Amino acid sequence: MQDQNLKDFLKEFIISDSQLQEVYKRFTAEIRKGLSQAAHKQADTKCYMTYVQDLPTGDEKGNYLALDLGGTNFRVLRVALKGHHEAEINSKVYAVPKEIMTGSGTQLFDHIANCLAEFVNEHSLGDQHLPLGFTFSFPCIQLGLTKGLLVRWTKGFQCAGVEKEDVGRLLKEAIARRGDLVIEVMAILNDATGTLMSCAHRNPECRIGVIIGTGCNACYVERVENAELLEPEYKIDKPNILVNTEWGAFGENGQLEFVRTDYDRKVDKHSLNAGTQLFEKMISGMYLGELVRLVLHDAIQKNLIFVRNTVKHNFINILKKDIGCIETRFISEIENDSFPDFQQTRNILKELFGLEKASVEDCQKLRYICECISKRAAKLVAVGLSGLINKIAEPHVVVGVDGSVYRFHPHFDFYMRETMHKLVNPKTRFELMLSEDGSGRGAALVAAVASKN
Ligand code: BGC
């Protein structure tokens, strides 16, 4: 893409190496604060204790149920752990209608219990009394493996009466209200924890799980002596604890203002959880499309793209009114497109604006806009991962990765590695591995490891 004016316009999305170093410094300081007794209250990244202290060995066996709430879909799963690092999974996706996402907590948990019952009946599991792992992918203060207080909703959920409550209890009560299911809730966990467990099940050198999907977060293995908030009795027998960083909240005390743009501020302002999850809002699938929408709107208005298009005022109107019209998957499709056909890009432009003939130049410009936004996101994830890898400081660290942005974007992995090579201590070799159903397999593994103890 050659157009200097468009490049200048997008400059603020390009994070320089010195800015990267600064974000790195601030991020690692924030993680240390999260872990420390004295500074925890002020930390953005709360580094919650998960009460999971063992990684799987691969020998785990048994049948489990798992629930997965917090991504685009709600899922119920049956997981058969088979030993030899293997698992067999059956699952069903259930919609969570918008009214339920923003309705009452009782409605939400009744919906979950109803889907669970439907699944149990369809698979004739009623008489098996399977232990259940609940992957609940929102920030929770865990008070043990089966008790987690929701700190706040994220990612477009906003169900009344759940914040500060124990989601394990709410689930059990909803199951009891139905009266026809016998299920033991063995563990509540975060999807990042599930991803770490699931990847460690296949590769014992896995130490970090990261989600780059609807939301963004990471969980890692910390030594108990560094986890100041962990009660002493958990430090006697075990050397490690999995820590849920909740890094999506980084930036809430102003630490990211020097790299945030007015577009980030707008996205935040229009969200259901304004002022919170600011790192996440620069990275995750719930927000990247929105950033592109706002940037594209202004770029058209400033005559930087679709310059010769006579109906461009229509485009401006659509982009202005139709919040959410640019889905994050479009970014992946556009960046995956081939020059000079730009077939996917043209299809998207047709779908969005009814545009029949986009010029090659405009397609290239649109791709450049997408690239600036996704590259920035990947760089920020890389900062977080590098910070955790250097903190773990082992010679070889495997990172388990899950989430739609990472999975479907053609270059996200490459962009991340590029930055990680700049920031990870050269003494450490790192590897990124794609997770296989972290939320399901991971939930079963946490339940399995728990029952072993
Ligand atoms: C939540 C995390 C979760 C992440 C990825 C964030 O919004 O706060 O708990 O792990 O999304 O799903």
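The values are calculated or read from the model by the stated rules, or taken from the named source; none is laboratory data. Computed from a predicted model, the values in this text were never measured in an experiment. Here the Cβ positions follow ideal geometry from the backbone for every residue, glycine too, while neighbour counts run over all protein chains shown. Only protein heavy atoms, including side chains, enter the accessible area calculation; ligands, DNA and RNA are left aside. Shrake-Rupley method; radii C 1.70, N 1.55, O 1.52, S 1.80 Å.
For this structure, a couple of remarks:
- Only one of the numbered conditions (1) in contact (Cβ under 8 Å) with a residue 12 or more places away in the chain; (2) open to solvent by 10 Å² or more (accessible area, probe 1.4 Å); (3) of a type outside the set (Asp, Glu) is not met by Lys281, and that is (2).
- The single condition among (1) open to solvent by 60 Å² or more (accessible area, probe 1.4 Å); (2) closer than 19 Å to Asp268 by Cβ; (3) modelled with pLDDT of 95 or more that Asn336 does not meet is (2).
- When the residues of the stretch 46-67 are filtered to those that are open to solvent by 20 Å² or more (accessible area, probe 1.4 Å) and touching a Gly at 6+ places or on another chain (Cβ under 7 Å), the one that is nearest to the ligand (Cβ to nearest atom) is Lys46.
- The strands (runs of 3 or more DSSP E) found entirely in the stretch 32-113 that carry 1 or more residues being over 23 Å from the mean Cα position of the chain (by Cα) and among the aromatic types (Phe, Trp, Tyr) are 61-69.
- Tallying residues that are of a type in the set (Gly, Ala, Ser) and either more than 16 Å from the ligand (Cβ to nearest atom) or farther than 23 Å from Val79 by Cβ (or both) within the stretch 131-182 yields 7.
- Output for the stretch 138-185, where each listed residue is closer than 14 Å to Thr106 by Cα, assigned to a strand (DSSP E or B) and of a type in the set (Gly, Ala, Ser): Ala160
- Taken over the stretch 383-412, the residue count meeting the criterion of being away from the ligand (no atom under 16 Å from the Cβ) and of a type in the set (Gly, Ala, Ser) is 3.
- Taking (1) in contact with a Pro (Cβ under 9 Å, 6 or more places away or on another chain); (2) closer than 23 Å to Ser404 by Cα; (3) of a type outside the set (Gly, Ala, Ser) in turn, His111 satisfies each apart from (2).
- Within the stretch 186-228, being assigned to a loop (DSSP other than H, G, I, E, B) and under 17 Å from Asn390 (Cα atoms) holds for Glu205, Ala227.
- Inter-residue pairs, beta-carbon under 8 Å, first closer than 26 Å to Met49 by Cβ and open to solvent by less than 10 Å² (accessible area, probe 1.4 Å) and in the stretch 118-139, second more than 16 Å from the ligand (Cβ to nearest atom) and β-branched (Val, Ile, Thr), 6+ apart: Leu132/Ile183; Leu132/Val185; Phe134/Val185
- Some residue of the stretch 249-271 being closer than 29 Å to Val446 by Cα, within 16 Å of the ligand (Cβ to nearest atom) and surrounded by 17 or more Cβ atoms within 10 Å (Cβ to Cβ): yes
- Just one of the listed residues (Ile89, Ile14, Ile31) is open to solvent by 60 Å² or more (accessible area, probe 1.4 Å) and in contact with a helix residue (DSSP H, G or I) (Cβ under 7 Å, 6 or more places away or on another chain), namely Ile14.
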